[in-house]
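One structure below.
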Amino acid sequence: MTYLITGGAGYIGAHVVRALRRAGEQAVVLDDLSTGDASTVPEDTPLAIGSVLDRAFLDRVFSEHRVTGVIHVAGKKQVGESVARPLYYYRENVTGLQTLLEATVEAGVKNFVFSSSAAVYGMPDVDVVTEDMPCAPISPYGETKLVGEWMVRAVGAKYGMATACLRYFNVAGAAMPELSDSGVFNLIPMVFERFTAGERPHIFGNDYPTPDGTCIRDYIHVEDLSEAHVEAAHYLAALPTPQNITLNVGRGEGTSVLDMVELVTEVSRHHELPPVVVQRRPGDPARLVASADLISAKLDWKARHGIRDMAVSAWHGWLHRHPRG
Ligand code: UFG
């Protein structure tokens with residue numbers, strides 16, 4: 001098959017492109033390069049530079065490259081920014097998806113994998129979240145992902161398109177330093193940034209109802225995540241009748257902020273800068289851990305990397321991007 005990977009020059013998309021190629025599939029990257037990096041696209045993989053909001057451009061890409069499946073990774077993903085710029089998030093994530101789905105339908109493409117997020121769950125008060133739990137996002141970002149899932153399911157049902165919604169948990173690490181996340185919006189890179197500035201990392205609150213008082217998250221290595229996309233695409237291609245599948249992509253294992261900060265400190269050898277507890281950050285659920293039962297039952301997939309691999313590879317990526325420390 002020939003898969004169009006939107007956002008394929010970004011952190012997650014670049015990993016998906018490699019996983020697809022390893023699986024023997026053809027990849028075409030579509031990216032507006034607003035946050036992506038063209039140099040991460042393999043030389044023999046076509047790169048179409050443009051926006052998912054540009055319908056004429058999308059139509060050209062579909063027909064020029066004879067696309068047979070879509071993996072839609074492009075999107076805006078910063079929770080805080082989505083609160084400050086809700087309309088921008090709705091345009092990029094919702095109108096962008098709508099435009100892409102219109103082009104997908106028009107091109108007669110029958111497989112569509114959508115990047116969703118654990119942010120659709122909001123603040124669930126359970127040990128592990130299962131896919132059938134009610135969704136109650138608490139940020140415009142999470143809302144755009146939930147609306148996106150609705151749109152994908154409705155369009156799939158109407159047009160006989162097999163669709164997968166993958167709810168990512170906390171993505172970390174890199175398959176190689178060049179592919180590491182260039183942003184500093186999540187816990188691990190934020191700790192590196194503090195270290196680089198000679199400052200102590202911040203822990204946002206230690207009075208949560210968890211064993212060490214800090215928030216618990218389910219971290220997933222980006223390479224495992226990228227392989228889940230390939231398996232989801234293969235699952236869709238093998239379905240006798242088109243349907244939707246919605247899956248958590250996590251390991252089903254929680255790690256506290258304190259444990260992660262200690263691991264990152266050890267890996268980067270910054271013991272001289274112990275963490276300091278500061279105020280809670282608004283909107284953080286105490287615990288967000290996936291049930292990974294459904295994904296392991298439905299797909300030929302299992303996470304292979306633990307949190308140490310994520311911390312070590314993220315550190316190598318950081319050193320690559322900040323060679324002078
Ligand atoms: N944290 C700190 N100190 C920091 C940075 C983060 O204590 O310097 C804490 C946060 O408060 C949170 C945990 O580390 O408790 C993880 O925070 P991240 O910002 O790394 O990730 P989130 O869990 O907030 O968000 C992630 C993704 C979102 C997605 C969400 C789903 O980044 O895109 O999971 O719940 F929406």
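Here are the numbers for the structure shown:
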read-out	value
Qualifying positions in region 12-34 - closer than 10 Å to A74 by Cα and not in a loop (DSSP other than H, G, I, E, B)	I12, G13, L30, D31
All positions within region 147-169 that are surrounded by fewer than 20 Cβ atoms within 10 Å (Cβ to Cβ) and either over 17 Å from L236 (Cα atoms) or without any contact (Cβ under 8 Å) to a residue 40 or more places away in the chain (or both)	V147, W150, M151, A154, K158
Members of region 267-283 that are surrounded by fewer than 17 Cβ atoms within 10 Å (Cβ to Cβ) and touching a residue at least 12 places away in the same chain (Cβ under 8 Å)	L273, P274, V276, V277, V278, Q279, R280, R281, G283
Residue list for region 75-112, filter: aliphatic (A, V, I, L, M) and under 17 Å from V155 (Cβ atoms)	V94, L97, L100, L101, A103, V105, A107, V109
In region 170-190, the residues that are surrounded by 23 or more Cβ atoms within 10 Å (Cβ to Cβ) and either over 20 Å from the mean Cα position of the chain (by Cα) or part of a helix (DSSP H, G or I) (or both)	L179, I188
In region 191-218, the residues that are near the ligand (Cβ under 9 Å from one of its atoms), outside any loop (DSSP other than H, G, I, E, B) and surrounded by 17 or more Cβ atoms within 10 Å (Cβ to Cβ)	V191, R194, H202, I203, F204, I216, R217
Residues located in region 118-133, provided they are more than 12 Å from the ligand (Cβ to nearest atom), among the aliphatic types (A, V, I, L, M) and in contact with a strand residue (DSSP E or B) (Cβ under 6 Å, 6 or more places away or on another chain)	none
Tally, over region 63-81, of residues that are crowded, with 23+ Cβ neighbours inside 10 Å and either of a type outside the set (V, I, T) or within 11 Å of the ligand (Cβ to nearest atom) (or both)	5
Out of T255, T241, sole residue that is over 11 Å from the mean Cα position of the chain (by Cα) and surrounded by fewer than 19 Cβ atoms within 10 Å (Cβ to Cβ)	T241
Filter result (touching a residue at least 12 places away in the same chain (Cβ under 8 Å) and either farther than 13 Å from G8 by Cα or of a type outside the set (A, V, I, L, M) (or both)) within region 23-34	A23, E25, Q26, D31, D32
Pair list, Cβ < 7 Å and 6+ apart or interchain, from region 77-103 residues that are under 17 Å from A56 (Cα atoms) to residues that are acidic (D, E)	A103/D59
Any chance A136 is within 14 Å of the ligand (Cβ to nearest atom), touching a Phe, Trp or Tyr at 6+ places or on another chain (Cβ under 9 Å) and not in a helix (DSSP H, G or I)	yes
Search result, residues across region 194-217 that are in contact (Cβ under 8 Å) with a residue 60 or more places away in the chain and among the small types (G, A, S)	G198, G205
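None of the figures in this text is laboratory data; all of them are computed from the coordinates on show. Note that the structure is a prediction, hence the values are computed from the model and not measured. All Cβ positions, even for glycine, are placed from backbone atoms using ideal geometry, and neighbour counts span all protein chains on display.
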